[in-house]
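Read the structure below first, then the notes.
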Amino acid sequence: GLTLLALSGKGHDGRANGEVRLVRFKGGKVAVRLAAGAYVDVPGVVTEEAVTTFVVAQRPSAGGDPQCRLVSAYIENNVDWKAPSWCIALGVETTPFPPKVHMKAQGGVRTRGLRLGQEMHTGNSKFAGDIAEVLLYGRQLSGPEMLFIRKTLEKNWGVGGAWVEAR
């Protein structure tokens, strides 16, 4: 499968499984496109006690599961929505949506790897779409920090407009 190299240089590289490809957009930006059922495992991510996560994603066409997961980290409990496990889940929909910044800050959680595109424990809740950037902090950020990062991501990725695929 495809190996995705993290820009942090800290060994947070991901391994793609299923139908995963890189998509280049006009302007040179690149995202990872996941078909329904595809995912990326990032085993090297380890956090203790708290997490703040940002994911820039879009769903350019209908597909995937309702209540799909952009990110999931399973530790225990057999569910990823209860601490110490955690997730960023989308609402009950499979319709297309434009680029958005999804964010979650949560205490009382740990991370021993994470999965992009589906629920880590069961392999259910499959996302079909593009994931352009993932930022993960091993602490709860302050309100001003979260606002600054969200606004920076929105500006960098042109959130609110459509990403046009380069042909």
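Using a cut-off of 14 Å between alpha-carbon atoms, which aspartates and glutamates can reach residue 29, once sequence neighbours fewer than 8 places away in the same chain are excluded?
130, 133, 154, 165
Less than 19 Å apart at the alpha-carbon level, and either on another chain or at least 8 residues along: which aspartates and glutamates does that give for residue 126?
In chain and number order, the partners are 19, 41, 65, 80, 93.
Taking all protein chains together and a probe of 1.4 Å, list 155, 104 from the most accessible to the least accessible.
These residues rank, largest area first, as 155, 104.
How far, in nm, would the chain grow between residue 156 and residue 139 when pulled straight, counting 0.36 nm per residue and subtracting the alpha carbon separation?
Once the chain is fully extended between residue 156 and residue 139, it gains 3.8 nm.
May I have the extent of the alpha carbons of the chain along their three principal axes, as whole Å values ordered from largest to smallest?
Reported extents, whole Å, longest axis first: 43, 35, 32.
Can you tell me the order of 89-98, 132-141 when each peptide is scored by its average per-residue count of other Cβ atoms within 10 angstrom, highest first?
132-141, 89-98
Counting each DSSP H run of 4 or more residues in the chain as -39500 (n - 2.57), what helix-only mean residue ellipticity at 222 nm follows after dividing by all residues, to the nearest 500 deg cm²/dmol?
-3000 deg cm²/dmol
Using 0.36 nm per residue, how much length does the chain from residue 147 to residue 13 gain when fully extended, once their Cα-Cα distance is taken away?
Contour length minus Cα-Cα distance gives 45.6 nm.
Using Cα centres only, tell me the gap between the range 113-151 and the range 46-105 in whole Å.
When both Cα centres are located, 6 Å separates them.
The values are calculated or read from the model by the stated rules, or taken from the named source; none is laboratory data. Just so we're clear, the structure is a prediction, and the values are computed from it rather than from any experiment. Ideal geometry is used to build each Cβ from the backbone, glycine not excepted, and the neighbour counts take in all protein chains shown. Ligands, DNA and RNA are stripped out before the accessible areas are found, and what is left, the full protein with its side chains, is counted by its heavy atoms. Shrake-Rupley method; radii C 1.70, N 1.55, O 1.52, S 1.80 Å.
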